[in-house]
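Notes follow the structure.
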Amino acid sequence: MVSRDATTHWSGGLNSGKGTVTLDSSNAGQFDVSFPRRVGDPEGQSSPEELIAAAQSSCLAMNLSGVLEKEGLSPTSIDVSAEVTLGPADGGLAISAIDITLRAKVDGVDAQKFTELATTAKDTCPVSKALTGTTITLDAALSG
């Protein structure tokens, strides 16, 4: 079993406070966060939603590669973009959608079979599974 961790240090109130997210497992960096930047112009700060988008896009790219390999296919490239939407809900905020755009170069597969495999990859991606309370859409297509 593998686990990864990150920590956040927060100082102050919701609107006047600020925090730092540290990626502890990888030691890949620290990212400033604040509520005003989360719901407005990011001005160089990250947000939980951006981190979820990063997790979703990287997980799906890896998972699709594995799904394709199980079918005897070898992708030349896979590009995944995830857009996480945050908005008002029930007096607070909620992630209302994750829209994924996926483009891949894969020889030996037609568009219909690729869409089928991409959907399988999305549905079996561990991050997608973890986010089942959110509507996650997928626009997948071969490129080139």
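The values are calculated or read from the model by the stated rules, or taken from the named source; none is laboratory data. Being a predicted model, the structure only gives us computed values, none of them experimental. Here the Cβ positions follow ideal geometry from the backbone for every residue, glycine too, while neighbour counts run over all protein chains shown.
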Query raised in the report: Which of the residues belonging to segment 98-144 are hydroxyl-bearing (Ser, Thr, Tyr), in contact (Cβ under 8 Å) with a residue 12 or more places away in the chain and assigned to a loop (DSSP other than H, G, I, E, B)?
Result: Thr134, Ser143
Report task. Look through Leu51, Leu60, Leu14 and report the one residue that is assigned to a loop (DSSP other than H, G, I, E, B) and either more than 17 Å from Ala141 (Cα to Cα) or hydrophobic (A, V, I, L, M, F, W, C) (or both). Result -> Leu14
Report task. Only residues that are in contact with a helix residue (DSSP H, G or I) (Cβ under 7 Å, 6 or more places away or on another chain), of a type in the set (S, T, N, Q) and surrounded by fewer than 17 Cβ atoms within 10 Å (Cβ to Cβ): list them for segment 9-64, please. Result -> Asn15
Query raised in the report: So which of Asp79, Asp110 is more than 28 Å from Gly133 (Cβ to Cβ) and of a type in the set (D, E, K, R)?
Result: Asp110
Query raised in the report: If only one of Val106, Val84 is modelled with pLDDT of 95 or more and under 14 Å from the mean Cα position of the chain (by Cα), which one is it?
Result: Val84
Query raised in the report: For segment 30-40, how many residues meet the condition of being outside any helix (DSSP H, G or I) and within 19 Å of Ala97 (Cα to Cα)?
Result: 1
Requested in this report: Out of the residues in segment 76-97 that are in a strand (DSSP E or B) and of a type in the set (Asp, Glu), state the one that is surrounded by the most Cβ atoms within 10 Å (Cβ to Cβ).
Outcome: Glu83
